[in-house]
Amino acid sequence: MDVIDQANASALPPDLHRPSRRFSWILVLLAVSIGLCAGGAYYWTSAEALSGTSSAREAGLSHEEKEALWEIRLGQQKANDQIEKASDGITELNRNMGAQQADLKRMADQIEALTAKIESLQNSPVPTSESAAPSPPAARPVSRPVKRVVQPSKSEGPISIGGAPLIADAGSDQR
């Protein structure tokens, strides 16, 4: 119950919580039952072969009965092979599940480390403006444009703008 409360109180997303133990127990029970079935079938076939009772029983059987018995044994052997393959598959699933749990644990540890780092950065004291603010660069002297004092030139007569002919004043004798 503590694990459930701890997982609910965790800040991690639900996808990163450990898988429930119920699923693990189901896989273990399935693997054990398949193993017991495979062992029983193997024991049954090997016990008949070792005791020799099957040959004594087969002596009084007809040809069709022997053939049916052979087909049954062949079916048992195929079932044994399938059970072996299934148990190998379960073993592979268990290995994959272990690897995934290790990856999940590693990611959870990384998230925890990052969270701690973020919290430490958020809780660190804010530096004062004098110590945190870098000193401004040395002030460069600003060069200001030099204003030239220009005296307007005195005009000595009428000025033509745009190439128009100048009309002389009536009081001047410039013709």
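The label point for Leu166 and the one for Gln100, both projected 7 Å from the Cα toward the Cβ, are 10.3 nm apart.
Between the residues Gly60, Gln76, Gln101, the greatest Cα displacement towards the positive end of the dipole of the range 56-101, with unit charges on the Cβ of Lys, Arg, Asp and Glu, is found for Gln101.
3J(HN,Hα) couplings calculated from phi for the range 96-103 with the Karplus curve 6.51 cos²θ - 1.76 cosθ + 1.60 (θ = phi - 60°) are, in sequence order, 5, 5, x, 5, 5, 5, 5, 4 Hz; Gly and Pro show x.
Length gained on full extension, Ala108 to Lys85, computed as 0.36 nm times the residue gap minus the Cα-Cα distance: 4.9 nm. For the peptides 79-88, 94-103, the ranking by mean Cβ contacts within 10 Å, running from highest to lowest, is 79-88, 94-103.
Put a dot 7 Å past the Cα of Cys37, heading toward its Cβ, do the same for Glu92, and the two dots end up 1.9 nm apart.
We did not get these values from a lab; they are worked out from the coordinates using the rules stated. Computed from a prediction, not measured in an experiment: that's the story for all the values here. Ideal geometry is used to build each Cβ from the backbone, glycine not excepted, and the neighbour counts take in all protein chains shown.
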